[in-house]
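Comments concern the structure below.
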């Protein structure tokens, strides 16, 4: 991996030195949360279930093109989805070489095409957060080599594919990896798209103090998304093997829907109520009870094209009798982009 990084840096530096350089576009965003918890182990000293006001995200993004062939993006800032602290860090980064109008390849730290749930940026989601199970199924901002293709198949239809050879959960190829192949098919029916994904993962875990690896680990996703006439609905099914131990299997799915009502007033563009149902079986290969369900209900108020106030209430529903109670949460979010 070190050799690959060194070669990539040399090639990138050579391309930059001899490329026509243009000033980058600069975008900024800030997301502020007020979180309140009830029930379960709420407000018991655990950061994840304690009432607080926090900077969910504050970032600057630089995007641009070098010599009409090389696209790059850098995002610096702070985000609680990458740790509870507020240390400035490189959150996302990418540099891609456009082989032609349809194919590009490069290095990426950020979102990869793992269905709609993995590809969609957090600030652009219908809901405030990803489903509760997603971080167990996939690394949120992996790093590695990516090849992306995008082909038009008529006026509306199209096919996007992505092959990603990413580091393992510990950030290296040493004993771990994360190989992902995903696609999104935009159907001839306007607004309707279908996702499919397969992810081969080799993940380390401990068994009686010995480091072992889940050589048969995998994840797969399939689903749909419909976004048209102010109505949006998404549903995806996930299954996998090799989590905290090699033979552990899981399955999960979610369904969400929302409708944006246009508002004819100067201080508000629209209001968008939505609802989400989430199901997670943490040990689907065994007969023991291991099923969890959650319900979200929320509202987004679009004040301008770039400013939104958002509300979300999440409450656990079913769980195994032996499992501890989980807290419900209510989040108020101010989201601004420039």
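The values are calculated or read from the model by the stated rules, or taken from the named source; none is laboratory data. Since the model is a prediction, treat every value here as computed from it, not as a measurement. Counting neighbours? That spans all protein chains shown, and the Cβs are built from the backbone with ideal geometry, glycine included.
Restricting the stretch 210-219 to residues that are under 15 Å from residue 239 (Cα atoms) and surrounded by fewer than 17 Cβ atoms within 10 Å (Cβ to Cβ), the residue that is modelled with the lowest pLDDT is 216. Would you check if there is a residue in the stretch 82-94 being crowded, with 20+ Cβ neighbours inside 10 Å, modelled with pLDDT of 95 or more and in contact with a strand residue (DSSP E or B) (Cβ under 8 Å, 6 or more places away or on another chain)? No, that holds for no residue.
Check whether at least one residue in the stretch 123-143 is at negative phi, in a strand (DSSP E or B) and crowded, with 17+ Cβ neighbours inside 10 Å, and report yes or no. Yes. Number of residues in the stretch 18-42 that are more than 21 Å from residue 334 (Cα to Cα), surrounded by 12 or more Cβ atoms within 10 Å (Cβ to Cβ) and either modelled with pLDDT of 90 or more or out of contact with any strand residue (DSSP E or B) (no Cβ under 9 Å at 6 or more places or on another chain) (or both): the value is 4. Take residue 151 and tell me if it is touching a strand residue (DSSP E or B) at 6+ places or on another chain (Cβ under 7 Å), in a strand (DSSP E or B) and at pLDDT 95 or above. Yes: the conditions hold for residue 151.
Do the conditions hold for residue 76, that is, is it touching a strand residue (DSSP E or B) at 6+ places or on another chain (Cβ under 6 Å) and modelled with pLDDT under 90? In short, yes.
Yes/no per residue for (1) touching a residue at least 12 places away in the same chain (Cβ under 8 Å); (2) more than 19 Å from residue 184 (Cα to Cα); (3) over 17 Å from the mean Cα position of the chain (by Cα); (4) surrounded by fewer than 16 Cβ atoms within 10 Å (Cβ to Cβ):
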site: 228; (1), (2), (3), (4): yes, no, yes, yes
site: 238; (1), (2), (3), (4): yes, no, no, no
site: 245; (1), (2), (3), (4): yes, yes, yes, yes
site: 251; (1), (2), (3), (4): yes, yes, yes, no
site: 264; (1), (2), (3), (4): no, yes, yes, yes
